[in-house]
Amino acid sequence: MPAYEKPVVVRMHHTDAAGILFFGKLFELADEVLEEAMEHCGLPPGEALRRGSELTPVVHAEGDYKRPMFLGSRLTARARIEAFGNTSLRWRIDFVEAGGEVAATVGLVQVLVSRKNGRKLSLSKEIREKLGAILEPAPAA
C-alpha cells in the first residue's frame with residue numbers, strides 16, 4: 001500500500017470532557033498528517049508558502065467516525081491521494097487501531113489556486129509525480 005503512515009496518540013488536549021476525541025480535533029490531526037505526507041513526498045507546504053505564487057486550500061472536508069477514540073488511544077494515520085482532478089486532489093486519511101480496525105476516516109479536497117487572484121490553476125506535472133507516490137485510487141463503487 002503506497003499510503004504515508006504516521007503514528008498518532010490521542011492526547012488530553014484532543015478530547016472532550018468524556019475523554020473521547022473531540023470531533024473537530026480529528027480534522028486537526030488529519031491536517032497535520034496531510035502536511036507531513038506532503039513533506040514526505042517532497043512538497044513541503046511551508047516552502048511552497050514562502051516561495052509561492054500558488055496555494056492549496058481545503059475546499060471540502062468530511063469525517064466518518066466508526067469507533068470512539070479515547071484518551072491514550074494509539075493509532076496509525078494512513079494518508080493517500082484517492083484522485084487527481086485538473087485543479088484539485090482528493091485525500092483520504094484513515095485512523096487505524098492496532099488491531100487493524102478503522103476508527104475514523106477523513107476526506108479532504110484541495111484546490112490549487114493563484115495566490116495573486118485566487119483563480120484555479122492546473123495541477124503541475126511535479127505535483128502529480130511527487131504526490132503520485134501515495135496515489136491509491138478509491139475502489140470502484
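Coordinate-derived values only; no laboratory data. Computed from a prediction, not measured in an experiment: that's the story for all the values here. For neighbour counting, all protein chains shown are included, and Cβ atoms are generated from backbone atoms with ideal geometry for every residue, glycine included.
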Among A48, G100, A61, which residue has its Cα furthest toward the positive end of the charge dipole of the stretch 39-128, with +1 on Lys/Arg Cβ and -1 on Asp/Glu Cβ? A48
Normalising by the residue count of the stretch 4-134, find the relative contact order in percent from Cα pairs under 8 Å and 6+ residues apart. 28
Listed by chain and number, the aspartates and glutamates with an alpha carbon less than 16 angstrom from that of K120, same-chain partners under 8 positions apart left out, are E54
Ordering of 27-33, 56-62 by burial proxy (mean other Cβ atoms within 10 Å per residue, highest first): 27-33, 56-62
Determine, for each peptide in 63-71, 75-83, the mean count of other beta carbons within 10 angstrom over its residues, then list the peptides with the highest first. 75-83, 63-71
Sorted by chain and then number, the residues having a modelled amide H within less than 5 Å of the amide H of T87, at least 5 places away or on another chain, are L123
Enumerate the lysines that K66 could reach by cross-link, defined here as Cα to Cα under 21 Å, with residues fewer than 8 away along the same chain left out. K6, K25
Each residue of the stretch 10-23 in order: what ³J(HN,Hα) in whole Hz does its phi give by Karplus 6.51 cos²θ - 1.76 cosθ + 1.60, θ = phi - 60°, with x for Gly and Pro? 6, 9, 4, 6, 8, 9, 8, 5, 8, x, 10, 3, 5, 3
Whole-Hz Karplus couplings 3J(HN,Hα) for the stretch 69-81, θ = phi - 60° and coefficients 6.51, -1.76, 1.60, Gly and Pro as x, run 10, 9, 3, x, 4, 10, 10, 10, 8, 10, 10, 8, 8
